[in-house]
Amino acid sequence: NVFSISLSEIPLFLSQLNIFKGYKGGKAFTKDKIFIEAENFEYNKTTLVLIAENNVILNDKIRNIKVEAEKILYNKKEEIIIADGNVVLRDNKKNLRLKASKILVNNKNREIEAFQNVEFDDLNLNINVISDKALYFDNENKIVVNDNVEFNDLINNISLNADEIIYQKNLNKIYSKGLTTALIESNYSFKSKDVVFLKDEMRLFSSEKTSIKDSNNNLYELDSFDYQVEKEFLKGENILVTENYKMSSNEKDKYFFKSGFIDFKNKYYKTGPAKIFIRKNIFDRSENDPRIYGQSSNHKNGVTTLKKAVFTSCKRTDKCPPWQIEASEIKHDRNKKQIIYDNSILKLYDVPIFYFPKFFHPDPTVDRQSGFLLPKLSNSNVLGSSISTPYFHVISENKDMTFNPTLFSKNTKMIQTEYRQENKHSSLIADVGLTNGFKTSSTNKKENINHIFAKLEKKINLSNFLTGELNFFLERVSKDTYLKIFSDYINNNVLKPNNTDVLKSGLDFDLEHSDYSISGGAEIYEDLSKIQSDRYQYVMPYYNYSHQPLFNNFGTIEFDSSGNNVLENTNQIESRIINNFKFSTNDKIFENFGLKNNVNFYLKNLNSLGKNSTTYKSSPQIELLSLIEMNTELPMIKESEIYDKMLTPKLSLRINPGEMKNHSTDKRNINANNIFNINRLGIDDSFESGNSLTFGVDYKKTKKDNSKKYIEYKFATVFRDENEPNISPQTSLNDKNSYLFGSIDNKMSEYLKLNYNFAIDNNIENFMYNSIGLNFSLNNFVTEFNFIEEESDLGNTNLFENVTKYQINENNSFGFKTRKNREINLTEYYDLVYEYNNDCLTAGVRYKKTYYEDRDLKPSENLMFTISFYPLTAIQQSVK
């Protein structure tokens, strides 16, 4: 009376077990309208258990539920239905579908439990849920899914992953338990806990800590969040935004908002108290922590505004920053790439220094944008106090210029313009300056002076060469002392001449081939320290050629060539072409004796022509010069547990059968470190004449630990068969027996380093040259002494200088410099400085007294105060 069963054939009845079995199809149904269709049936009258197998379909007509499976067990006594094998359950009344490997239906409490490969679908709302386990409460319209849950809103492209998700069908409410991730429209990735999703409101929220990543590599971290999906609108508390979060810590900006909302769709946000931490390397100083704090902030149309804001780049500490700018409003316009300040005050350790009603500067991230750069205050002993306000102007994509007017307190005005142009294969940079009202000390009259420096670099693409460059350069000033007076006001160090007394103009080229290299050009030198008629030297043209060395089993062959035409001293002309050949044998080591030997053969072809020259004749001359060099050394090594010791006697025999040019007036410093060089005289048009034997001994003692401590001695002298008048007496190599040259390099103490070079006369009685460098360092104290003394033909220099620095602590230091010319018993200068330095502020007091005098430059004595607010500006002021 429990089941009514109809079968296609007469069932098999097992009377002892009260079991009916039927095959080849049939149907069963109950009084409460549950219908079952299957291929095979088995019914136990005692237990009231019905088992249906093969293509089983169960229909609950009252609840409008349909179940399809490979096997269904229906326990009528317990009102439990177990479906197994590719189970599909449909709640047609609610339009829900449940798939699983196994489903258990409890009709008493209206619960449906699914196991393994569970997939739940709300066909009305296009919602899909995948998990390993699900529990469906039919009477509560609720489904609970567990274990590796994936929830998908297919219409709105929303997916959630969690350990457990609860879906309330009647409320269209989904909420998760535990760790939850969500992906919305592939644009926003959420990671949170206990998330609630209201389907009708399209709203996602949680009161737990949350992180959100967007498709632009921005990371949002919040203590709680509320996100409106359709509006792309986010509200939260304690919001930390990291731009480009995948970059290193020094390359990303961070924003912290106490509370606020962000409109992703319209790119707008408004917050309460805000802190913006700009990436650390934005000012090329990684120890900085540039940041802006504000009482409120908003962002709209690419413009970020902070009210009652403070900006500083100083390192973050618990103390007040060394400097900061307070403003009623700081605005960052990303469209114009500008930072604009309203009613701003520059404070030094919280003390107001300057007030600016309004000013702006380019965004630090921008490379090129028209606008004013930061002003600079300075001071000069000759020009007085000054202020400059540079303006940068973008002309086009590859052209820009900087206009920099400077006003001096001594009624002098300077206008400087720097022009830059970058093309695909060339670049041009020029610096032009005009100074009005400069009063010279010689005439006491005002005059206008100027300068122009320019450089053009062009790449040359030639098929036979690897690389090629062509350069034009120009250096010109209208006053001889211009560079010494205005050196600190010429901002471009690429163009500024290295020597304040020598200007260089001309053109050159450089070509690199796989087998050789060649360079050349034409140059004009102007020596500003000479009289007008003799100050110019013209080198036009000149060239240098060098072939790659050729190697064989016997040695190495090298070839190079150079030539130039030089006009100097008004009417003195010298033209020459020099070809050099060198053959060096491979080192030959005699193992029985330990000797290492090699032989070098040098050939020089000199082609020369001179006019009013003391070196070259007025008719063309072709000369072939040669030199043979034979080198021998005997390295001897002695090892111990603590030290390695090496003693190396050396001999160099040089034979020159020809003559050399007259270089008796050349200046050249010979010492133990260069005496074995083949061109120790520093000449290129001839070889050192005569026959000479250079003898030397090197000794080095090195400690074997990691301290790299050592002491090294070198001694050397030169013997020749006769005096050579064409060699400069300053070298002493013109005599049959030169001075004894020596050096001592001592690094055997971590506190003391000594470098000593000397030369002793032939009688080993008088020191003709002494050069001592002594460096002593102990903890934070470092002092260095340098002493140079020359006697007789070597010169008459006698100088003593000292550089001392004491690092009081991490931020404070004291320094002292002085140099005394003992020849004339005159101290050239004193330089005493105290400096305070941290990551964003440098301040110092310097006392400097100079005795140097050169036309407009006079001896001076001043006390100077300097302060630099990095990266804003620098100020210096002197008190005489």
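Annotations
- The chain, accessible surface, carbon-and-sulfur percent (1.4 angstrom probe): 51 percent
- Cross-link pairs exceeding 26 Å in C-alpha to C-alpha distance, out of Lys99/Lys209; Lys667/Lys736; Lys399/Lys446, comprise Lys99/Lys209; Lys399/Lys446.
- Full extension of the segment from Glu39 to Tyr543, taken as 0.36 nm per residue of separation minus the current Cα-Cα distance, would add 171.1 nm.
- Label-reachable residues, region 250-273, where backbone N falls under 18 Å from a point 7 Å from Glu287's Cα toward its Cβ: 250
- Modelled spin labels at Asn763 and Ser618, positioned 7 Å past Cα toward Cβ, are 4.7 nm from each other.
- Region 680-831: C-alpha pair distances exceeding 23 Å, %: 54 percent
- Applying a DSSP loop filter and a limit of 13 other Cβ atoms within 10 Å to the chymotrypsin sites (Phe, Trp or Tyr not before Pro) in region 245-351 leaves Tyr349.
- Correct choice for Rg/Rh (Cα atoms, Kirkwood Rh) that was computed from the model, options [x] 0.97; [y] 1.21; [z] 1.14: [y]
- DSSP-assigned coil residues among chymotrypsin sites (Phe, Trp or Tyr not before Pro) in region 717-798, each with at most 16 further Cβ atoms within 10 Å: Tyr751
- Nearest-0.05 FRET efficiency for Ile744 and Asn691, computed from C-beta distance (R0 22 Å): 0.10
- Positive-end extreme of charge dipole, the chain - chosen from Tyr175, Ile524, Thr556 (charges on Cβ): Tyr175
- Shape analysis of region 7-95 places it in the prolate category; the axes a ≥ b ≥ c from the Cα gyration tensor give an a/c of at least 1.5, with a/b above b/c.
- Longest to shortest principal axis, alpha-carbon extents of region 621-770, angstrom: 61, 30, 27
- Under Karplus coefficients 6.51, -1.76 and 1.60, residue-wise ³J(HN,Hα) of region 190-200 in Hz, glycine/proline x: 9, 9, 7, 9, 6, 8, 10, 10, 9, 5, 5
- Taking 4.7 Å between C-beta atoms as the pairing limit, the chain has these partnerless cysteines: Cys320.
- Check: region 104-204 dipole with +1 on Lys, Arg Cβ and -1 on Asp, Glu Cβ, in debye: 280 debye
- Using the Cβ-Cβ distance between Leu863 and Arg822 with R0 set to 41 Å, the FRET efficiency from 1/(1 + (r/R0)^6) comes to roughly 0.90.
- Treating each Cα of region 642-691 as one equal point scatterer and applying the Debye formula with no solvent, the log10 of I(q)/I(0) at q = 0.15, 0.19, 0.24 Å⁻¹ comes out as -0.53, -0.75, -1.06.
- Taken about its Cα centre, the chain carries a charge dipole of about 3020 debye when Lys and Arg each add +1 at the Cβ and Asp and Glu each add -1 at the Cβ.
- Electrostatic tally near His299: other residues with Cβ closer than 12 Å to its Cβ, Lys and Arg +1, Asp and Glu -1, net +3.
- In the chain, taking the dipole from charged Cβ atoms about the Cα centre, the farthest positive-side position among Thr804, Val196, Ser215 is held by Val196.
- Placing pseudo-labels 7 Å out from each Cα toward the beta carbon at Ile5 and Ile62 gives an inter-label distance of 2.2 nm.
- Per residue, the convex hull spanned by the Cα atoms of region 598-710 measures out at 126 cubic angstrom.
- Cβ charges +1 (Lys, Arg) and -1 (Asp, Glu), total dipole of region 363-511, debye: 600 debye
- Chain lengthening between Asn553 and Asn95 when straightened (0.36 nm per residue, less Cα-Cα): 155.6 nm
- Shape of region 301-420, Cα gyration tensor, a/c cut at 1.5: oblate
- Kirkwood hydrodynamic radius of region 599-664, Cα pairs, Å: 15.8 Å
- Accessible area (Å², 1.4 Å probe, nearest 10) - Leu774: 60 Å²
- Selection from Asn544, Asn600, Met630, by position along the positive dipole direction of the chain (Cβ): Asn544
- Other-chain or far-sequence residues with amide H under 5 Å of Gly26's (modelled H): Ala38
- Shape class for region 456-559: prolate, because the ratio a/c of the largest to smallest gyration tensor axis (alpha-carbon atoms, square roots of eigenvalues) is 1.5 or more and a/b beats b/c.
- Under 5 Å, built H, 5+ apart or other chain: amide partners of Tyr739: none
- Ignoring lysines fewer than eight residues from Lys77 along the same chain, the ones with Cα atoms less than 23 angstrom from its Cα are Lys21, Lys27, Lys31, Lys33, Lys45, Lys61, Lys66, Lys102, Lys108.
- Here the Karplus curve 6.51 cos²θ - 1.76 cosθ + 1.60, taken at θ = phi - 60°, turns the phi angles of region 472-487 into couplings of 10, 8, 9, 9, 8, 10, 9, 9, 4, 9, 4, 5, 6, 7, 9, 4 Hz, with x standing for Gly and Pro.
- Taking a straight line from the alpha carbon of Lys504, these aspartates and glutamates sit under 13 Å away, with near neighbours fewer than eight places off in the same chain left out: Glu475, Glu523, Glu526, Asp527.
- Within-15-Å neighbourhood charge of Lys33 [Cβ basis; K, R +1; D, E -1]: +3
- The loop-placed GluC sites (Glu not before Pro) in region 220-273, going by DSSP, that have at most 10 neighbouring Cβ atoms within 10 Å of their Cβ come out as Glu230.
- Equivalent ellipsoid of region 213-290: semi-axes from √(5λ) of the C-alpha gyration tensor, largest first, are 25, 14, 10 Å.
- Within straight-line cross-link reach of Lys703, lysines at Cα separation under 23 Å, skipping those fewer than 8 residues along the same chain: Lys638, Lys645, Lys714, Lys747, Lys753
- Here the 3J(HN,Hα) profile of region 637-649, calculated from phi with Karplus coefficients 6.51, -1.76 and 1.60 at θ = phi - 60°, is 10, 10, 10, 9, 5, 10, 10, 10, 10, 10, 10, 10, x Hz, Gly and Pro shown as x.
The values are calculated or read from the model by the stated rules, or taken from the named source; none is laboratory data. All values derive from a computational prediction rather than experimental measurement. Here the Cβ is made from the backbone with ideal geometry for all residues, glycine too, and neighbour counts use every protein chain on show. Protein only, heavy atoms only, side chains kept; ligands, DNA and RNA dropped before computing areas. Shrake-Rupley method; radii C 1.70, N 1.55, O 1.52, S 1.80 Å.
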